[in-house]
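What follows is a single structure, written as C-alpha cells, with notes after it.
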Amino acid sequence: MALTHPRDWILTRPEGVYCVPGDFYIDPARPVARALITHGHADHARAGHGNVLATTETLAIMACRYGADFAASTQAVAYGESLNHNGIDITIAPAGHILGSAQYRLSYQGGSVTFSGDYKRRADPTCEGFEPLEADVFVTEATFGLPVFIHPPIEEEIGKLLCSLDQFPDRCHLVGAYALGKAQRLICQLRRAGYDAPVYLHGAMVRLCRLYQEFGIDLGTVFPVDDNNRQRLAGQIVICPPSALHDRWASRLNEPVTAMASGWMRIRARAKQRAVDLPLIISDHADWNELTQTLNDIGAPEIWVTHGREEALLHYASLHQYRASALSLLRDDEDD
Amino acid sequence: MRSFARLLDRLFYTYGNNAKARLLLDYLRATPDPDRGYAIAIIAGTLELPGFKRSLVRDLIASRVDPVLVDLSYDYVGELAETVAHLWPANQPAATLPSLAEIVGTLLTLPKSGVPDYVAARLDDMTSAERWAFLKLGSRGGLRVGVSARFLKQVLAQFGDRDVQEIETAWHGVAPPYVELFAWLERRGEAPASADLPFFHPVMLAQPLEAQGLERITPATYAAEWKYDGIRVQIVARTGGKAIYSRTGDDIGGSFPDLLAAVDFDAVLDGELLVAKDGRLGSFNDLQQRLNRKKPDRQLIERLPARIIVYDMLRDAHRDLRGLTFSERRGCLEAWMARIRPSGFALSSILDFKDFDALSRHRLASTDAEGSVEGVMLKRRDSPYLAGRPAGMWYKWKRDPRVVDAVLMYAQRGHGKRSSYYSDYTFGLWQGDALLPIGKAYFGFTDAELKQLDQWIRHNTLKSFGPVREVTKALVFEVAFDAVNRSARHKSGFALRFPRISRIRWDKPANEADRMANLEALLGSTAPR
Ligand SMILES: [Zn+2]
Ligand SMILES: [Zn+2]
C-alpha cells in the first residue's frame, strides 16, 4: 500500500500534467521550465521548454524537427536507467510506440505512477518493445479505446499493398503515413516482406528517414520524389504525410492508387471520408486488445485514462474491478 | 465466400467506374458458376434471404458482447453490419470457408429456427471484412458499395461482349444464380428465351428544369405536355404475356385487373397511371387507394377505375421505336391510338406555347387545373428514347408545392383494410386562441406509423361522435397541398387543393403550428422561381 498516493502529488494544470514535488511536467502542451518528454510526436514534444529530459533518440528527433536550440538545456537518458530528481525516483522503460518512445515511472515516498505516453505491444523493427513497469497507478492512452478497433497483423496489411501493386502494376501507389515512426516502420515491414525496390519519399519524410538510418535502422534504398522521377513512378511505392494525399503535390503524380496507413482505417466511413482506395490498418498505438491486455499485465490497482476515447476503457476497467478515472478529471490547482 | 468478400471490400473502396468494372470483370472471369451468379444477384438486389434478419444479428451480438460496449461502438461506427463484424469475438479464421452458393443454399433451405446458429458458426470462421460482407446478405437496405443494377448490366455486357440492351432483354428471362445467362454470355448456350416475354424496358427520365439554360427552351426544340400527378408506368404487351411495370421495374399489374383486361395489343407504351373519380381524373390520394390494394374488389374498381395517359411508344409489335426521335415516335403513337383505342387510355396532349412566358403560364395554370396535373414536361423533339436521365433531353418543371404545419383536430375510422384504424384526419390552423379546420386528408402512412397514430388518437380522445373522435390539440402534421383558394362553403373561408399529410411532426409543439394568416399569404398563384 502506497504511503503517499500519486493522486496527492500529481496535478493537471493548463500547461499539462505536473509532478508537484519534482517540479516538472510530463509532455506539457505549453513551454515550461522543466519537462519529461515521452516521445517525439508533436502532441507530446514541443519546442521552447527550459530543460528537457528524454531519451537520446527523442532528443535527436526534436532537434531534427525544431532545430538544435529547441530547449535551453537537455538531459539524455536511456532505457533501464534510474535517476533521482528532487526526491522523485524516475525509471525509464521502452513504450514500443516509435523510435525513442519511453515510459516514465515516478516513485515518491512509497507511491508510484507510470506514464506510458503512447504505446503499443506489437513487435516493431524500428523500436524496442514495450516493457511493463509495476506501479500503483498506470496512466494509459486510449486513442483506439473502443472494442471495434482491432489492428490486424501488419503482415496482412503489407500483403494488401503488395497485392494491389500486382493488380495495378501500371499505377503508382501513394501511401499516406505519419512522417515520424509510421513511415519508417512501413518501409521496414515492406523489406521484411521481400520488397526490395526503392521506396520513394515525399520531401517532408526525407530528414526523419535519414535520422532513423543514422540510428542504425535499415530502410533499404529510399529516394526523394523529384521532377526527374515524378512521371516514372508507375508500379512504385511512394510515401507521403497524410495531409499530402490529396493536395497539389499528389495531383502531379500520374493517377495514383491512394493508400493510407492508420488505425482509423478500420472504420469504413473514416476511410471513405479520406477518399482512400486502399485503407491499411496500421497503427503505432495499442488497439483495444492491447489496451485491455496491458491493464491486466501490469495489474496496477488504479488506472488513469488519457488521450482519446476514454469512456469504453473506463467501463471495461470498472467491470474488471480497477479503480479508473479520466486523467482530465484529476484535481487541478484550483481545487487545491 | 472469401473471394466474394474480397470483391465487396474492394468495390467499397474503389471510386471510379472503370476501376469498379475491372474488379467485377476479374471476379466474373475467375469465379465458377453458380457462385458468380449469386454474387451478381446479391449486388443487384435480386436475392432474398427471408430468414436472415437485422434483429437476428442484434440478438447474436447482444449474447456475446457487453451491451454498453456494443452501444458505444455502434454510436461510433454508425452501421450495424460493420459494428458486429468488428465486435464479433475473434477466432482463428478458418482455412477455407464454404462457397457463396453453399451459404446461400443453406440459408434458403434451413428452417427458421436453425438460422441463428448457422450464421453464428459462419461468423466464427471469418475475418472482420468477411463478416461485414456476409452480414450484408442479411441487410435489406442495399449493399452501399456503389454499384447499381444498371451498372452491373453494363459490366455483364462488357463481360460477354454484348450490347447492354441485349442484357436488359435477357435479364427478364433468367433468375439467380443466372447459369443460363453466363452460358449465353460465354457463347456456350442459347440466349435465354425472353424475346416475346413482357420484359421491362429501362425508362427515360427527366431532369428538373434549372434556372440556367432556360433560353434553350423554345417551341422549335421542345414539345410541352402536362406533368400528371399519378405514377409513371410502362405497359408491356407481347405475344408471350403482358405486364404493367412501375418506373423501377416492379410489376404492379395485379393491383389493376381492369387495366390489364383492356391491354389487348402488341406494343410497349410509356404513360401515367391515374384513376377516374366521378367521371374525371382523381387526385393522387385517390390513386393511392388503388395502389395500396394488392387485390382490389369490384366495388373499389368501379368507384376508382384505372386510367392511362399515354405519352410515348417504345415498341409497336416487332418494331423497336426507341431509336426514333420524340417527334417520330409521337407520330407513330398518334396513329396507333387512333387505330387501337384501348379502353381507359387517352393520349397526352401537346401544349401550345410560343415563348417561355407562355410556358410559365401553362405551369401556373397547372396549379388551378382541374384534376391531377402538377406542372409541365418538356421533351426535346429530336430526343431518342434513352434509358436513364440523359442531360438536356427531357425536363420536368413542377409547380411549387406548398406546406403548412397544422394541428390534428378530429380523426375518423378509415375504409377497407384500415377500417379498424383512425386514418382520416381533420386538421386546422390557429386564429387567435382557436383552431379553424382547413382540410381533411387520408394518407398512405406506413403501417407502423398508422398504428402509432392510432394509439396516439385513442390515448388523446376528448369526445366521440360515432366513427369520429375529437382529440387533444397537441399533434402537428406537415400538410402539403397544391393550391389554396377562397371558399364560402368552408368554415375557415379557404379550400385546399390536394391536401396530403407529408410528415407527422411528433417533435413540434402545437402552439408553434401555423396561423390562418400564413395560409392566406399563399392564396392564388405564386410566381415561378
Ligand atoms: Zn505518439
Ligand atoms: Zn499521442
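The values are calculated or read from the model by the stated rules, or taken from the named source; none is laboratory data. Please read all numbers here as calculations on a predicted model, not as lab measurements. Ideal geometry is used to build each Cβ from the backbone, glycine not excepted, and the neighbour counts take in all protein chains shown.
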Please find, among A:G117, A:G159, A:G181, A:G176, the residue that is touching a residue at least 60 places away in the same chain (Cβ under 8 Å) and away from ligand 1 (no atom under 16 Å from the Cβ). A:G176
Restricted to region B:79-89, and to residues that are touching a residue at least 24 places away in the same chain (Cβ under 8 Å) and assigned to a loop (DSSP other than H, G, I, E, B), which residue is farthest from B:D9 (Cα to Cα)? B:P89
Enumeration of residues in region A:172-191 that are away from ligand 2 (no atom under 16 Å from the Cβ) and part of a loop (DSSP other than H, G, I, E, B): A:C172
Residues (of a type outside the set (A, V, I, L, M, F, W, C) and away from every other protein chain (no Cβ under 14 Å)) located in region A:268-312: A:S283, A:D284, A:H285, A:T294, A:N296, A:D297, A:G299, A:P301, A:E302, A:T306, A:H307
Need at least 2 residues that are among the hydroxyl-bearing types (S, T, Y) and over 28 Å from B:K398 (Cα atoms) per element, so show me which strands (runs of 3 or more DSSP E) inside region B:435-529 make the cut, counting only ones lying wholly within it. B:461-465
Filter result for B:M337 (touching a Cys at 6+ places or on another chain (Cβ under 8 Å), farther than 30 Å from B:S502 by Cβ and at pLDDT 90 or above): no
Is it true that A:A78 is at pLDDT 95 or above, among the small types (G, A, S), buried (at least 19 other Cβ atoms within 10 Å of the Cβ) and away from ligand 2 (no atom under 16 Å from the Cβ)? no
Go through region A:217-273 and count every residue that is among the small types (G, A, S) and part of a helix (DSSP H, G or I). 7
B:D125 passes all but one of the listed conditions (1) within 25 Å of A:M265 (Cβ to Cβ); (2) more than 14 Å from every other protein chain (Cβ to nearest Cβ); (3) touching a Ser or Thr at 6+ places or on another chain (Cβ under 7 Å); the exception is number (3)
Check whether at least one residue in region A:4-26 is within 16 Å of ligand 2 (Cβ to nearest atom), of a type in the set (A, V, I, L, M, F, W, C) and within 21 Å of A:S325 (Cα to Cα), and report yes or no. yes
Members of region B:470-529 found to be basic (K, R) and touching a Gly at 6+ places or on another chain (Cβ under 7 Å), listed by number: B:R486
For region B:122-162, what are the residues that are among the aliphatic types (A, V, I, L, M) and assigned to a helix (DSSP H, G or I)? B:L123, B:A129, B:A133, B:L135, B:A149, B:L152, B:V155, B:L156, B:A157
Answer with yes or no whether A:A123 is surrounded by fewer than 23 Cβ atoms within 10 Å (Cβ to Cβ), in a loop (DSSP other than H, G, I, E, B) and within 16 Å of ligand 2 (Cβ to nearest atom). no
Pairs please, first residue from region A:299-321 and in the same structural domain as A:T114 (by TED's automatic domain parsing), second anywhere and part of a loop (DSSP other than H, G, I, E, B) and of a type in the set (A, V, I, L, M), Cβ atoms under 8 Å, 6+ apart in sequence or on different chains. A:A300/A:A135; A:W304/A:L330; A:R309/A:L146; A:A312/A:L146
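One line per residue, one yes/no per condition, for (1) of a type in the set (G, A, S); (2) in a strand (DSSP E or B); (3) not assigned by TED's automatic domain parsing to the domain that holds B:D382:
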site	(1), (2), (3)
B:Q288	no, no, no
B:P296	no, no, no
B:I301	no, no, no
B:D312	no, yes, no
B:S327	yes, no, no
B:S343	yes, no, no
Filter result for the condition that a residue is outside the structural domain of A:Q321 (by TED's automatic domain parsing), in a loop (DSSP other than H, G, I, E, B) and at positive phi, over A:G194, A:G117: A:G194
Filtered residues of region B:95-109 (kept if among the hydrophobic types (A, V, I, L, M, F, W, C) and over 22 Å from B:S63 (Cα atoms)): B:A95, B:L97, B:L100, B:A101, B:I103, B:V104, B:L108
Go through A:R30, A:R105, A:R34, A:R46 for me and flag whichever is more than 22 Å from A:G216 (Cα to Cα), surrounded by fewer than 24 Cβ atoms within 10 Å (Cβ to Cβ) and within 15 Å of ligand 2 (Cβ to nearest atom). A:R46
Looking only at region B:9-25, count every residue that is over 28 Å from the mean Cα position of the chain (by Cα) and hydrophobic (A, V, I, L, M, F, W, C) and tell me the total. 3
Meets criteria (away from chain B (no Cβ under 14 Å), outside any helix (DSSP H, G or I), away from ligand 2 (no atom under 16 Å from the Cβ) and buried (at least 23 other Cβ atoms within 10 Å of the Cβ)) for A:F130: no
The condition of being surrounded by 16 or more Cβ atoms within 10 Å (Cβ to Cβ), farther than 19 Å from B:W132 by Cα and touching a residue at least 12 places away in the same chain (Cβ under 8 Å) holds, among B:A30, B:A44, B:A39, B:A21, only for B:A21
Flagged pairs (Cβ under 6 angstrom, 6 or more apart or on separate chains; first in region A:40-59, acidic (D, E); second within 13 Å of ligand 1 (Cβ to nearest atom)) are A:E57/A:L99; A:E57/A:G100
So B:D71 passes all but one of these: (1) within 12 Å of chain A (Cβ to nearest Cβ); (2) outside any helix (DSSP H, G or I); (3) surrounded by fewer than 17 Cβ atoms within 10 Å (Cβ to Cβ). Which condition number does it fail? (2)
